Amino acid sequence: MLTVFQQVDNWNTILSLLVWVLFFLYFFTDLPQKTQFYRYERGVATRLALIEGLVSESVNKVKSYLAKLGIKNVDPFVNTTLENYFVIEPVSIEPIDIIKRLDHIITINEQKFKQDLERIAPSLSVHTRNNVAVSLAIASALYTIYKILRHYYYLGKKYENWVLLMQLYLIMPQLVRELMPYSRAIDGIIRGVPIGDSAGPMVAYKLMSTAPRIDIEEDTVYSVVNIEHRNVYIVKAKGPGATVGKPGKAVAKLAEMLAYKVSRIITIDAALKLEGERTGLVAEGTGAAIGDPGPEKIEIERTAVKCGAPLDAIIIKMGSDEAIKPMKREILEGVEKAYQIVLDIIKNRTKPGDNIIIVGIGNTVGVY
């Protein structure tokens, strides 16, 4: 019969042997990396399946919307749209006329899509077609992100690259949380209700009031009102369909009509808030407040230089998810504050008789 000391000694031997085995496995084999690889691979696969579900849900919403509008052969059109409408950026190593080249490429791509949409749905109104276009753009964006994530997942799995899978594993929870509102945003676009990004056009709408809307550029209108004895030219996208219009080109054309006698240009747009900032916070700065790839923004900046006019920027802050969802009360309150700031700028920084251009930047869905 073993004594107590012999039993303790046996257990110490077993534990020592176990420690040495674990030490050997950890430092002299790739078992830890294999374990990490399978852990991260399963985690990424699970979240990728969730994103795939969001893509399917978004695509099905668009297809259902098109079917309700009476459009036939919905599946081929939507599937083609998800894959075929992409833009290749112009050569940037030679910067001469790069903005014109970029604008040309973007415009051609938009026109091609609109022509295809008009061909299969000629009876739809322009505003309804714009809503369809934005809904498809959201679904297409989700699909593109899914394809990129799937590519890196397969790449990491193919070469057993656990570091690549670990990076995906760590970033995908944030991506899933940010992508989920995009699927829900389609519902608001289909219903034609203002979204967070409609904050700029809504400020313009408040300034326009009942003044006539005059077409000036594609999907873009302006109105002329008298505020504090100033001639105020207000530009926004043409609602109530989902479109952002061509605000930069409209500003350039207006300034040319006024022989560049413009005293001030004011731009209002939604802007992404930082974590910890309050939704609906309004800030005032200098420059062109417009989230544009470049062509529209540079038109506003060049026009301001030609006119020698100060360029004011008023932003209404919100989260990326709030920008695409139906407008929240806090953002609506921000719209009212921005409206009051615009009136204050007109009153205190311009003189009677001045020409002022105000631009409400953003998606004008639900805003006439």
#### Entry: Pick from the range 60-77, criterion of a type in the set (A, V, I, L, M, F, W, C) and not in a helix (DSSP H, G or I), ranking: surrounded by the fewest Cβ atoms within 10 Å (Cβ to Cβ)
LEU69
### Query
Here are some conditions: (1) in contact (Cβ under 8 Å) with a residue 40 or more places away in the chain; (2) of a type outside the set (A, V, I, L, M); (3) crowded, with 23+ Cβ neighbours inside 10 Å. ARG184 meets all but one. Which one does it not meet?
(3)
## Note on the structure
Checked the range 348-364 for anything hydroxyl-bearing (Ser, Thr, Tyr) and crowded, with 24+ Cβ neighbours inside 10 Å; matches are THR364
### Message
What's the total number of residues in the range 122-163 that are crowded, with 18+ Cβ neighbours inside 10 Å and either more than 21 Å from the chain's Cα centre (by Cα) or among the charged types (D, E, K, R) (or both)?
### Response
5
### Query
Quick one: ALA313 ticks every box in (1) out of contact with any helix residue (DSSP H, G or I) (no Cβ under 9 Å at 6 or more places or on another chain); (2) more than 18 Å from VAL244 (Cα to Cα) bar one, so which box is it?
(2)
### Task
Quick one: which residue in THR243, THR267 is within 28 Å of ILE145 (Cα to Cα) and either touching a strand residue (DSSP E or B) at 6+ places or on another chain (Cβ under 6 Å) or free of Cβ contacts under 8 Å to residues at least 40 places away in the same chain (or both)?
THR243
#### Entry: Selection count, the range 177-194, where residues are outside any helix (DSSP H, G or I) and in contact with a strand residue (DSSP E or B) (Cβ under 6 Å, 6 or more places away or on another chain)
1
## Note on the structure
Of the listed residues (ASN84, ASN60), the one being at pLDDT 85 or above and more than 24 Å from THR364 (Cβ to Cβ) is ASN60
### Message
I'd like the full set of residues that are among the aliphatic types (A, V, I, L, M), surrounded by 16 or more Cβ atoms within 10 Å (Cβ to Cβ) and closer than 22 Å to GLY248 by Cβ, limited to the range 106-121.
### Response
ILE106
### Message
I need a count of the residues in the range 78-119 that are outside any loop (DSSP other than H, G, I, E, B) and either within 22 Å of LYS297 (Cβ to Cβ) or not hydroxyl-bearing (Ser, Thr, Tyr) (or both).
### Response
27
### Query
Just for the range 220-237: of the residues that are in contact (Cβ under 8 Å) with a residue 60 or more places away in the chain and buried (at least 23 other Cβ atoms within 10 Å of the Cβ), which one is farthest from the chain's Cα centre (by Cα)?
VAL232
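The values are calculated or read from the model by the stated rules, or taken from the named source; none is laboratory data. It should be emphasised that the depicted structure is a prediction, and the values quoted were computed from it without experimental measurement. Cβ atoms come from the backbone with ideal geometry, glycine included; neighbour counts cover every protein chain shown.
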